[in-house]
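The values are calculated or read from the model by the stated rules, or taken from the named source; none is laboratory data. Keep in mind the model is a prediction, meaning the values are calculated, not measured. Neighbour counts are summed over all protein chains in view; Cβ atoms, including those assigned to glycine, are modelled from backbone coordinates with ideal geometry. Heads up: the accessible areas ignore ligands, DNA and RNA and are worked out on the full protein's heavy atoms, side chains in. Shrake-Rupley method; radii C 1.70, N 1.55, O 1.52, S 1.80 Å.
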Amino acid sequence: MLDKHLKIIAGPCSAETPDQVRQIAESLSGMELYAFRAGIWKPRTQPGAFEGAGTEGLIWLKEACEEFGFSPITEVASTAHVEAVLKAGFDKVWIGARSTSNPFSVQELADALQGTPTTVLIKNPTNPDVKLWIGGIERLYKAGIKDIIAVHRGFSTYDKQRYRNLPNWQLPIALRQAFPHMEVICDPSHITGKAENVPMVAQMAIDLKFDGLMVEVHNDPENAWTDAQQQITPKGLKALLSGLKYRSRIELDKEELRGLRAELSVLDEQLIRLISKRMVISEAIGHYKNTHQLAIFQTSQWEESLTKFLQMAGEMEISPEFAKELFTLIHQESIETQSRILTKKNDHGSHQS
Ligand code: PEP
Ligand code: MN
């Protein structure tokens with residue numbers, strides 16, 4: 001069940017054709033969307049890719065929204081974009097991540113929007129710099145814009161294995177602390193970059209009490225002209241929203257406890273594997289001592305290793321009593337392993353003689 005207080009924004013990454021915009025709006029009709037989104041001017045990483053339909057796309061968006069009862073929203077990145085959007089009668093815009101990264105751009109947009117009753121959504125900058133995001137919001141407030149909503153869309157990363165843009169959840173949480181009365185919504189599409197992971201990230205945002213979601217929705221995601229991998233279908237959006245769980249603090253705490261226990265069990269496994277590796281090396285040392293007729297227990301070596309171990313433990317705030325007991329146990333087991341090698345060899349030798 002959808003929480004009525006959540007602001008849901010849905011629509012394609014880009015307006016491609018009048019039919020595409022209309023069809024998607026039609027498939028979403030009847031839903032209580034805060035806004036229907038579509039990019040008209042697309043910031044692309046490399047030139048030559050589809051850069052958006054331009055101003056005529058505003059009309060497609062406006063007409064589809066009028067027909068299906070939605071409020072349109074699009075991205076603005078320059079004074080000319082703001083002028084065109086205001087002329088078309090939009091009352092909501094969003095500032096994209098690349099613009100938020102540049103204070104000159106945000107200032108230009110704040111100046112162009114000054115004195116208008118526009119609702120401005122501002123995405124986080126591409127780099128994980130919460131002060132830059134806060135600075136952008138301050139520029140908008142200074143220009144007299146009253147209705148501002150922050151959009152968390154993740155932060156650029158070189159390693160795009162799990163996320164297209166890393167969520168770094170602590171940053172939107174810090175932003176919320178800086179502006180306790182401002183709403184913050186999440187864009188799971190640009191965070192994950194993969195359609196199948198959008199519901200999972202959306203649920204994380206709901207668990208963190210975000211105020212809404214901006215989701216990229218396309219009626220034929222595979223053939224979308226931009227961001228084809230991350231767009232979900234209208235049906236997918238409905239399933240996502242009806243599958244959201246609104247967990248109480250107690251449930252979330254329980255979940256956190258489960259998560260922490262799972263982490264512990266991974267660490268326990270690593271611990272036992274490390275100890276086993278240590279024993280293998282210790283056995284190799286046992287064979288060497290045996291061949292070279294060295295004593296198994298060498299006092300100076302033991303004292304030196306124990307001192308090093310206790311020093312490292314101290315640096316990691318582990319109690320010296322516990323560290324000493326642990327290391328003595330591990331060392332004792334090594335000595336026993338090495339002694340067994342010697343006994344075996346002797347047994348073997350005595351059989352031969
Ligand atoms: C978008 O929402 O389509 C977009 C370009 O987003 P971002 O600025 O987050 O990359
Ligand atoms: Mn996109």
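The amide H of Thr119, built 1.01 Å from its N in the peptide plane, has Lys92, Val93 as neighbours under 5 Å, considering only residues 5 or more places off or on other chains. Rounded to the nearest 20 debye, the dipole size of the chain about its Cα centre is 460 debye, using +1 on the Cβ of Lys and Arg and -1 on the Cβ of Asp and Glu. At an R0 of 30 angstrom, the distance between the Cβ atoms of Arg247 and Gln177 translates into a FRET efficiency of 0.85. With R₀ fixed at 56 Å, the C-beta to C-beta distance from Ser276 to Phe50 puts the FRET efficiency at about 0.55. On a per residue basis, the convex hull of the C-alpha atoms belonging to segment 13-79 measures out at 91 Å³.
Take the Cβ atoms of Glu333 and Lys254, set R0 to 35 Å, and the FRET efficiency comes out at 0.40. Farthest toward the positive end of the dipole of the chain, out of Phe179, Leu252, Ala35, is the Cα of Leu252, where the dipole comes from beta carbon charges about the Cα centre.
Judged by the mean number of other Cβ atoms found within 10 Å, the most tightly packed of the peptides 312-319, 324-331 leads the ranking 324-331, 312-319. For segment 158-203, the C-alpha radius of gyration divided by 2.2 N^0.38 Å, with N the number of residues, is 1.26. Place a +1 charge on the Cβ of each Lys and Arg in segment 231-294 and a -1 charge on the Cβ of each Asp and Glu, then give the dipole magnitude about the Cα centre in debye, rounded to the nearest 20. Using Cβ point charges on Lys, Arg, Asp and Glu, segment 231-294 gives about 260 debye.
Working note: Karplus 6.51/-1.76/1.60 with θ = phi - 60° gives segment 313-324 the couplings 4, x, 5, 9, 6, 9, 5, x, 5, 5, 4, 5 Hz, where Gly and Pro are set to x. Counting protein heavy atoms only, the chain has 55 percent of its accessible area on carbon and sulfur, 1.4 angstrom probe.
Per-residue ellipticity at 222 nm computed for the chain from its helices equals -17500 deg cm²/dmol, with DSSP H segments shorter than 4 residues left out and the rest contributing -39,500 (n - 2.57). The mean sequence distance of close C-alpha pairs (under 8 Å, at least 6 residues apart), as a share of the length of the chain, puts its relative contact order at 13 percent. Taking only the C-alpha atoms of segment 257-352, Rg followed by Dmax gives 17.0, 59 Å. Convex hull volume per residue, computed on the Cα atoms of the chain, equals 222 Å³.
Under the simplified labelling scheme, the Met200-Thr233 pair shows an inter-label distance of 2.2 nm, with each label point 7 Å from Cα along Cα→Cβ. Plainly put, segment 107-244 has a radius of gyration that is 0.99 times its Kirkwood radius, both from alpha-carbon atoms, as the Rg/Rh ratio.
Placing pseudo-labels 7 Å out from each Cα toward the beta carbon at Asp111 and Gln293 gives an inter-label distance of 9.0 nm.
By the Cα gyration tensor, segment 44-83 has an equivalent ellipsoid whose semi-axes, rounded to whole angstrom, run 23, 13, 9 from largest to smallest. Distance between the 7 Å Cα→Cβ label points at Arg261 and Glu26: 5.2 nm.
Per-residue packing, averaged as other Cβ atoms within 10 Å, sorts the ranges 21-34, 182-195 into the order 182-195, 21-34, beginning with the highest.
In the chain, the DSSP beta bridges split such that about 5 percent are antiparallel, to the nearest 5.
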